[in-house]
Amino acid sequence: MDKPALFRSFFRCLKPGGKVLITDYCKSSAPPSTEFEAYIEQRGYDLHDVEAYGQMLKDAGFDEVIAEDQTEQFIEVMQKEMDAVEKEKDKFISDFYEEDCNDIVSEWKSKLVRTSMGEQRWRLFIVKKKI
């Protein structure tokens with residue numbers, strides 16, 4: 001995905017004074033672990049650290065860029081979802097496959113490790129086009 005082009009498109013289409021809210025995964029500024037790098041590649045993600053992400057938004061023309069770290073909320077939600085699936089595993093398996101359930105839970109556990117280590121982050125960006 002070409003995020004700079006996407007952000008320029010947002011800017012071009014937005015009326016003066018308009019705002020855009022973006023939530024997205026980010027990565028730390030440190031090089032990713034081998035496992036995280038493989039995850040990024042397998043998913044086709046275009047991840048950046050928060051500073052680079054903010055700079056892309058500014059380069060697109062946005063003059064007001066607010067970046068909020070929502071990682072703790074992301075962890076809480078992911079933990080609740082994982083707990084709910086594990087609690088209702090039999091019901092889940094009645095609608096889907098056990099392998100799918102195990103894959104989902106395994107993926108959530110991996111994300112919880114990456115986010116707890118600070119390697120994978122969840123950010124909220126609010127940008128505004130000048131009037």
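The values are calculated or read from the model by the stated rules, or taken from the named source; none is laboratory data. Treat the numbers as computed from the prediction; the structure is a model and nothing was measured. Here the Cβ is made from the backbone with ideal geometry for all residues, glycine too, and neighbour counts use every protein chain on show. For the accessible areas, the whole protein counts, side chains as well, though only heavy atoms, and no ligand, DNA or RNA atoms are used. Shrake-Rupley method; radii C 1.70, N 1.55, O 1.52, S 1.80 Å.
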What are the lysines whose alpha-carbon lies under 18 Å from the alpha-carbon of residue 129, with same-chain residues fewer than 8 places away excluded? 3, 15, 19, 58
If I model a spin label as a point 7 Å beyond the Cα along the Cα-Cβ vector, how far apart are those points for residue 1 and residue 97 in nm? 2.7
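Rolling a 1.4 Å sphere over the protein heavy atoms, what is the accessible area per residue of region 34-124, to the nearest Å²?
On the way: 5760 Å² over 91 residues.
Dividing the accessible area of region 34-124 by its residue count gives 63 Å².
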Provide the FRET efficiency to the nearest 0.05 for the residue 24-residue 106 pair, computing r from the beta carbons and using R0 = 25 Å. 0.65
Expected field for residue 43, accessible surface area in Å² at 1.4 Å probe radius, rounded to 10, holds 110
What is the set of long-range amide H partners of residue 33 at a cut-off below 5 Å, with H atoms built 1.01 Å from backbone N? none
Each residue of region 36-47 in turn: what ³J(HN,Hα) in whole Hz from Karplus with 6.51, -1.76, 1.60 and θ = phi - 60°, glycine and Pro shown as x? 5, 4, 5, 4, 4, 5, 4, 7, x, 6, 10, 9
For residue 45 paired with residue 117, estimate the spin-label separation in nm (one decimal), with each label point 7 Å from Cα along the Cα-to-Cβ line. 1.3
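In debye, nearest 20, what is the charge dipole magnitude of the chain about its Cα centre with +1 on Lys and Arg Cβ and -1 on Asp and Glu Cβ, if you could check? All intermediate terms of the calculation are to be shown ahead of the outcome.
Values: 20 positive and 27 negative charges, 215 e Å.
Using Cβ point charges on Lys, Arg, Asp and Glu, the chain gives about 1040 debye.
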Relative contact order [Cα under 8 Å, 6+ residues apart], the chain, whole percent: 47
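Share of the chain's accessible area from carbon and sulfur, percent, 1.4 Å?
52
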Only helices counted: for the chain, with every DSSP H run of 4 or more residues adding -39500 (n - 2.57) and the sum spread over all residues, [θ] at 222 nm is -17500 deg cm²/dmol
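Could you sort 101, 13 by their accessible area in this structure, using a 1.4 Å probe and putting the largest first? Walk me through the intermediate numbers first.
Numbers: 101 0, 13 100 Å².
From most exposed to least exposed: 13, 101.
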Region 7-18 - phi-based ³J(HN,Hα) in whole Hz, Karplus 6.51/-1.76/1.60, Gly and Pro as x: 5, 5, 5, 4, 4, 4, 7, 7, 5, x, x, x
Which ³J(HN,Hα) values, rounded to whole Hz and listed in residue order, are derived for region 55-63 from phi using the Karplus coefficients 6.51, -1.76 and 1.60 in 6.51 cos²θ - 1.76 cosθ + 1.60 with θ = phi - 60°, glycine and proline given as x? 5, 4, 5, 5, 5, 6, x, 6, 9
